[in-house]
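Written out below as structure tokens is the structure these notes cover.
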Amino acid sequence: MRITIFGTGYVGLVTGTCLADAGHDVLCVDVDPAKVEALNQGQVPIYEPGLAPMVARNRQEGRLSFTTDAEAGVAFGSLQFIAVGTPPDEDGSADLRYVLAVAATIGRHLDDYKLVINKSTVPVGTVDKVRAAIAAELQQRGRDIEFDVCSNPEFLKEGAAIEDFTRGARIVVGTESGRVRELMRECYGPYNWNHDKLIFMDPRSAELTKYAANAMLATKISFMNEMANLAERLDADIEHVRLGIGSDPRIGYHFIYPGCGYGGSCFPKDVQALARTARDVGYDAHILTAVDAVNQRQKASLYDKLAAAFDGDLAGRTVAVWGLAFKPNTDDMREAPSRVLMEAVWAAGGKIRAYDPEASRECRRLYGDRPDLEVVAHRHEALEGADALVICTEWKEFRVADFATIKSALTTPVIVDGRNLYEPEAVRKAGLLYFAVGRGNRVAALSPGVSNMVNTM
Ligand code: UDX
């Protein structure tokens, strides 16, 4: 099939590349000439395992190309994927400006039947809006050309996007048309031959499915974070609780890891957008607003624990940070807990020495050159001259740590671990104060001040 993808961001690029890899001819359109130029030279702007070689292979074999020419894009594909961004606007709802701009472009250049596919995460009812935007352009041109619009939400995890695309649990398609069902079957055929993963439903249900999936996962995380905070106050160990409840197949082990809060481009934005949608239809979605509030508090908890360990005074202190990305295997720092921590440390007059295996460049891009930030090339370099260590991302390389080295490098033996990487007993035996999530040793319980304790150790 000939397929056009509008948007070469995370979703568009992965979708286009995987569809080309399955044998389709794919043309990706983006408004950013620098990005298109880079992609045409084989440079992939995001870090996603396996993506760069896949882009290179499919470009070489002539199945994948990139352009800024939207008109050529509309002419090219019988399928037209819309995979542009839907950033949140001030009130938390998804901004449809870019989606509708692509729809209008398609309407302006449409010459024969096309199937338009909404891949972007969009509020319920967007299929209708896209259809109306295309129809309005056609009407202006005095043309009567047949087209369809369907919803086909993505369920890609950053860091595992190719795996999720090629071996995903389901392919949701929102349409009421038999013709569209056949086209989508053909499009996804190469990735749908083990068992039928296509789930057809009406467009509104498909749009809501995407939000419901993300909101459910975010709810599991916030719920566990709440339990972890309770465990800290009740002298229980959340790791035992996690295993105890996960063993019930109705609950399961997935997505019940407590931590320093969820980040990324999806969960925070989608939970807020769905809560906003609910308000718009006169429904107060208590669970969604609570999930978001718990998450914001959880992100702040890293700083709270750190500050408590220094009697609330971080002025002039240097904090080593391991992990900047919102999760491992990505360089993405959108909504990352590390940012909440660093910004709070700076506001308190402290300095940051940060290390991340992939996100250094992104960190420098976000924060520029500032005297209170040093991004270093090795995790142990981050400890040099630092007063305490905070772990924000569970990169594999942090899992094994030499506690003696950490202790001798830090001026104060404090580790705040937002990812529960270590066994508390082992860290404490090494003479470090270890504040994980829901695993005892709550800082407040150590008043009048951990630093006093530290001094007497
Ligand atoms: C998510 C969804 O998983 C994916 O299906 C959707 O299409 C987009 O949003 P992503 O944002 O890439 O994907 O990351 P994911 O691996 O789901 O993690 C999201 C956040 O939750 C991370 O910050 C992670 O650290 C956190 N998390 C995840 C937890 O805190 N605990 C867990 O048990 C799992």
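The values are calculated or read from the model by the stated rules, or taken from the named source; none is laboratory data. Since the model is a prediction, treat every value here as computed from it, not as a measurement. Reconstructed Cβ throughout: ideal geometry from the backbone, glycine too, with neighbour counts over all protein chains shown.
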> With 72, 83 as the choices, which residue is within 29 Å of residue 270 (Cα to Cα), at pLDDT 95 or above and among the small types (Gly, Ala, Ser)?
Replying inline: 83
> Picking from 215, 290, 231, which residue would you name as being within 14 Å of the ligand (Cβ to nearest atom) and in contact (Cβ under 8 Å) with a residue 60 or more places away in the chain?
Replying inline: 215
> So which strands (runs of 3 or more DSSP E) stay within the stretch 1-90 end to end and still have 3 or more residues that are over 27 Å from residue 126 (Cα atoms)?
Replying inline: none
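The rows are residues; the columns are (1) part of a helix (DSSP H, G or I); (2) within 16 Å of the ligand (Cβ to nearest atom); (3) under 21 Å from residue 229 (Cβ atoms).
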{"position": "241", "(1), (2), (3)": "yes, yes, yes"}
{"position": "264", "(1), (2), (3)": "no, yes, no"}
{"position": "268", "(1), (2), (3)": "yes, yes, yes"}
{"position": "297", "(1), (2), (3)": "yes, yes, yes"}
{"position": "303", "(1), (2), (3)": "yes, no, yes"}
{"position": "313", "(1), (2), (3)": "no, no, no"}
{"position": "319", "(1), (2), (3)": "no, no, no"}
>> Based on this model, can you work out whether residue 178 counts as within 16 Å of the ligand (Cβ to nearest atom) and small (Gly, Ala, Ser)?
In response: no
> Of the residues that sit in the stretch 135-152 and are of a type outside the set (Ser, Thr, Tyr) and touching a strand residue (DSSP E or B) at 6+ places or on another chain (Cβ under 6 Å), which one is nearest to the ligand (Cβ to nearest atom)?
Replying inline: 152
